[in-house]
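Okay, so here's the structure we're looking at.
The values are calculated or read from the model by the stated rules, or taken from the named source; none is laboratory data. Please read these numbers as outputs of a predicted model, since none were measured by experiment. Here Cβ is always computed from backbone atoms with ideal geometry, including for glycine, and neighbour counts include all displayed protein chains. These area figures cover heavy atoms from the full protein model, side chains too; ligands, DNA and RNA do not enter into them. Shrake-Rupley method; radii C 1.70, N 1.55, O 1.52, S 1.80 Å.
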Amino acid sequence: MKRRGFLIAGGLLGGGVLLGVGLSTPPSARSRLGDKTTLPTEGGQIALNGWVKLMPDGRVIVATPRAEMGQGVHTALAMLVAEELDADWSQVSTEQAPLAQVYANTALLLNVLPFSSDDDSLLARLARRSVQRVGYLLSLQVTGGSSSVRDAWEPMRLAGATARALLVDAAAQRWNVAPESCQVQAGVVRHPASGRQAGFGELAADTVNIAPRRDVALKDPSQFRLIGKPMPRTDIPAKVNGRAQFGIDVQPEGLLYAAIRHCPVLGGKVRQVDSPAAKARRGVADVRVLQERSVVVLADRYWRAKSALDALNIDWDEGPNAQLDSSLIRAQLQVAVDGGAKGSGFRQQGDAEAVLSTAGRKLEASYYAPFLAHAALEPINCTAQFKDGHLTVWCGTQAASLARWKAAQVAGIDSEQVTLHVPLLGGGFGRRLELDMIEEAVLLALQTQGRPVKLLWSREEDMQHDMYRPAAMARFVAALDEQGRPQAWLNRVAAPSIGLSTTERLLPSMAADSPDKNQIEGAFDLPYAIPNLSVRQLRVKTPVPVGSWRSVGHSYNAFFTEGFIDELAHAARQDPFEYRRSLLADKPRHRAVLELAAAKSGWAQPLPAGRARGIALHESFGSWCAQVAEVSLQNGQVRVHRVVCAIDCGVVVNPDTVEAQMQSAIVYGLSAALYGEITLKNGRVEQSNFPDYEAIRLAQMPQIDVHIMPSSAAPGGVGEPGTPPIAPAVANALFALTGRRIRDLPLRAEMFA
């Protein structure tokens, strides 16, 4: 990847404006098939194209180019191939795909475009085609943005169908019959007229000299045997019996362990370190200062490295951020939303300001959401070895192509001299889109004379040196008519820019402050029928590094917008569900999930004393999600008893995975809504581990009922859309229970006293 290409990719991934990209034709599914040389083979394996290979015993191996981080993506993508191949599911397995252009994620960059999912305007269509082409040309092999199935829906099905046709042609040649007289079922090709049959493994070698067909048709959905059915996940057995290998498990021969401590003050540096005593400890190989901002101890065991690091006397230069405090950042956000700066307009419809200036009935409110850590269960780690001019990296990364690029850049070698292994990820949530752990591990590997080195961050380092979900604030003003319908809506959202922060880390010389769709998503694409709308973005610069966090800007904008629309319903003296429903006349998919969630929750039915329900609706990543939360206040704690979730994610590949992802997204979002908060004092992050950065425990787990809308539309995202609605649903329920409107996260019980 060239520098210019990486700049474009970085800007797009960070949410910057797409400029200077021609209106190009997106790559066809056929152009992404690859060929029989794309996949490496061993042990008698035969590749049928870039996505499928066969073992002599008939086992099918599907190459999956996305990282498996618990979301079940390897299973879903294998199902796409197996469906069209008509394989025996019990004989299907997966392996991580190599780095190649055919595996580029062409759907990823759709998330940076400032269009709602149901916007079918000419400009929206042209923009989508262009960014799909850009993602392909840049070979972006990235897992994120709930884009994996959206990207794979056509190419992986076509790969399965083409492989199936190849096996049929091989059988037809062997039996000297017409291909159309053959049938395929469960990994076996049959010729009913003669009774002959052959398994995939028997026919594999016959395919070597047969050219793949170019006129293969995909199945009609009515013929699906696997797609749409709950299928067992391919990664579960190895995770249960302990064979699964995560990044933290990698142990190449001769391994050195590296424990690291960054300056506790953001932006600070190492002034001096007293290392002789640590170097004399058992097993310690060296003590190094890395990039002026951290100290690393290398040893033959991690505990020895960590213990020596803890004993070091380090003199830190705290730098310019030693007085940084959360209250100062919040004050910056408040000044931005209340001030006169216009910011960037992401939605201008009608003349909201003119209507508001003469309105007789107005509502105003400010909402706030704090910084959040990713807090993945597997701490940050990366293993690297530089030997004989070749670099090998083992890292659970969400951005494989960018990771190899960064590793090569740090080592000063070509990307072709880098071998990247992507093991399973113990949680990603956007944190493993970052490349800092790769940069540090490679820098250490360059200094260890050919020995591999595993860099492992402690939980405290992980929590206190994250790329955080931005803190954000929104300022609303709305006007209501005599019937309580909104006539004008003004929303100013202030937050640090993820796009700018990301570019500063990757290509600091090219960083520019520009409109950032990631910051404003979920605010500008409001679905409700309001004739006069103005949504503006205000980018606030802080020293706190920020990055993508599960559902990105939707994670806070859903809380803001769905909280304020609830306020309008209350001011109009209308039921919150009916009020929303009345404003969605021309939004059938929004309306359908809202109605489904309300019906399944028993919205109109009474609850026991001391309980209340709240509702929220949000569209993100090509999917529509509504949730109803049932809450109470018990013993000074907010208790969520039940969450009813309705999701329209288009055609469903594996409903079992969709349900699990909704549960996961709700728990992740609920943990943030009730407990999540990163605060700073004297330039330091105050939280350091799960005791002071809480998450939902088993005893607090609500009942979660997931209802999937049947749909024949193209697949939408699944990994993230379940997170945004949960915080506003709970907050709205607490208002219904207590009459107190809380506009700040997290939702602490003392707020309702």
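If packing is taken as the average count of other Cβ atoms within 10 Å, what order do 604-615, 158-169 fall into, highest mean first?
Put in order of decreasing packing, that is 158-169, 604-615.
For region 253-278 and region 674-695, what is the separation of their C-alpha centers, rounded to whole Å?
22
Could you work out how far apart the two model spin labels at R30 and A609 are, taking each label as a point 7 Å from the Cα in the direction of the beta carbon, and quote it in nm?
For R30 paired with A609, the spin-label model returns 7.2 nm.
Relative to a virtual label point 7 Å from the Cα of A713 in the Cα→beta-carbon direction, which members of region 547-572 show backbone nitrogen distances below 19 Å?
Flagged as within label range: 554, 558.
I want to check the label-to-label distance for R573 and R174. Put each point 7 Å from Cα in the C-beta direction and report it in nm to one decimal.
7.9
Using a 1.4 angstrom probe on heavy atoms only, work out the carbon and sulfur share of the accessible area of region 145-280 in %.
Numbers: 3280 of 6820 Å².
The C+S portion of the solvent-accessible surface of region 145-280 is 48 percent.
How much length would be gained if the chain were fully extended between Q272 and T738, taking 0.36 nm per residue of separation minus their Cα-Cα distance, in nm to one decimal?
On the way: separation 466, 0.36 × 466 = 167.76 nm, distance 5.48 nm.
Residue separation times 0.36 nm, minus the Cα-Cα distance, leaves 162.3 nm.
In this model, which of K239/K454; K53/K219; K454/K541; K229/K517; K387/K454; K306/K541 are farther than 24 Å apart at the alpha-carbon? Provide the component values of the computation, followed by the final result.
On the way: K239/K454 22 Å; K53/K219 21 Å; K454/K541 34 Å; K229/K517 35 Å; K387/K454 15 Å; K306/K541 34 Å.
The pairs that break the limit, which is 24 Å between Cα atoms, are K454/K541; K229/K517; K306/K541.
Output the peptides 569-579, 401-411, 297-307 sorted from most to least packed, where packing is the average of other Cβ atoms within 10 Å over each peptide's residues.
Values: 569-579: 18.3, 401-411: 23.5, 297-307: 20.0.
Top of the packing list down: 401-411, 297-307, 569-579.
Amide H neighbours of G716 under 5 Å, counting only residues 5+ apart in sequence or on other chains, H built in-plane at 1.01 Å?
The answer is G650, V651.
Under a Cβ-only charge scheme (Lys and Arg +1, Asp and Glu -1), can you give me the dipole magnitude of region 633-719 about the Cα centre, in debye to the nearest 20?
Working: 5 positive and 8 negative charges, 48 e Å.
Dipole about the Cα centre, nearest 20: 240 debye.
What cysteines in the chain have no other cysteine with a beta carbon less than 4.7 Å from their beta carbon?
Taking the Cβ cut-off of 4.7 Å, the unpaired cysteines of the chain are C182, C263, C625, C645, C649.
Give the long-range amide H neighbours of V142: residues separated by 5 or more places, or on another chain, with amide H under 5 Å away, using H modelled in the peptide plane at 1.01 Å from N.
Under 5 Å from the amide H of V142 lie the amide H atoms of N105, each far enough along the sequence or on another chain.
Work from the charge dipole of the chain (Cβ charges, +1 for Lys and Arg, -1 for Asp and Glu, about the Cα centre) and give the residue of Q519, Q71, G412 farthest towards its positive end.
The one lying farthest along the dipole's positive direction is G412.
Could you compute the net charge surrounding A359? Neighbours are other residues with a C-beta less than 15 Å from the C-beta of A359; K and R count +1, D and E count -1.
On the way: positive: R361, K362, R485; negative: D351, E353, E364, D481, E482.
Overall, the nearby charge balance is -2.
Which of the listed residues, L363, S139, W51, is farthest toward the dipole's positive end in the chain, when Lys, Arg count +1 and Asp, Glu count -1 at the beta-carbon?
S139
Counting only the backbone N, which residues of region 507-551 are under 11 Å from the spot 7 Å out from the Cα of A341 toward its beta-carbon?
537-542
Roll a 1.4 angstrom probe over the protein heavy atoms and tell me the percent of accessible area of region 660-707 that is carbon or sulfur.
Of the solvent-accessible surface of region 660-707, carbon and sulfur hold 52 percent.
Taking the Cα centre of the chain as origin, work out the dipole magnitude from +1 charges on Lys and Arg Cβ and -1 charges on Asp and Glu Cβ, in debye rounded to 20. Kindly include the intermediate steps, with their values, before the conclusion.
Numbers: 79 positive and 75 negative charges, 38 e Å.
Charge dipole of the chain: 180 debye, to the nearest 20.
How do the peptides 244-254, 529-539, 697-707 rank, highest first, by the average count of neighbouring beta carbon atoms within 10 Å per residue? Could the numbers behind the result be given before it?
Values: 244-254: 16.1, 529-539: 20.4, 697-707: 13.9.
Ranking, from highest mean packing down: 529-539, 244-254, 697-707.
What number comes out for accessible area per residue over the chain if the probe is 1.4 Å? Units Å², please. Intermediate values should be presented prior to the final figure.
Details: 28890 Å² over 753 residues.
On a per-residue basis, the chain sits at 38 Å².
What does the helix-only formula give at 222 nm for the chain: each DSSP H stretch with n ≥ 4 adding -39500 (n - 2.57), the total divided by the residues, and the result rounded to the nearest 500 deg cm²/dmol? Could the numbers behind the result be given before it?
Numbers: 21 runs with 224 residues, N = 753.
Value at 222 nm, helices only: -9000 deg cm²/dmol.
What is the calculated FRET efficiency for N635 to R281, with r their C-beta to C-beta distance and R₀ = 60 Å, to the nearest 0.05? Please list the in-between numbers first.
Details: r = 48 Å, r/R0 = 0.80.
Efficiency at R0 = 60 Å is approximately 0.80.
Provide the per-residue ³J(HN,Hα) series for region 584-594, in order, calculated from phi with Karplus coefficients 6.51, -1.76, 1.60 and θ = phi - 60°, each as a whole number of Hz, with x at glycine and proline positions.
Coupling constants for region 584-594: 10, 4, 9, 10, x, 6, 4, 5, 5, 5, 4 Hz.
Computed FRET efficiency, Cβ-Cβ of A365 and L126, R0 56 Å: what is it to the nearest 0.05?
Working: r = 37 Å, r/R0 = 0.66.
Working from the Cβ atoms, E equals 0.90.
Among N689, I742, P702, which residue has its Cα furthest toward the positive end of the charge dipole of region 660-753, with +1 on Lys/Arg Cβ and -1 on Asp/Glu Cβ?
Working it through, the farthest residue towards the positive pole turns out to be I742.
Report the local net charge at G247: Lys and Arg +1, Asp and Glu -1, summed over other residues whose C-beta lies under 11 Å from its C-beta.
Summing Lys/Arg as +1 and Asp/Glu as -1 gives 0.
With only Lys, Arg, Asp and Glu charged, each at its Cβ (+1 for the first two, -1 for the last two), find how big the charge dipole of region 143-251 is about the Cα centre; round to the nearest 20 debye. Mind dumping the intermediate values first?
Numbers: 14 positive and 10 negative charges, 55 e Å.
Computed charge dipole of region 143-251: roughly 260 debye.
Using the basic label-point model (7 angstrom from Cα toward the beta carbon), what is the Q449 to F224 distance in nanometres?
Using points 7 Å along Cα→Cβ, the separation is 5.9 nm.
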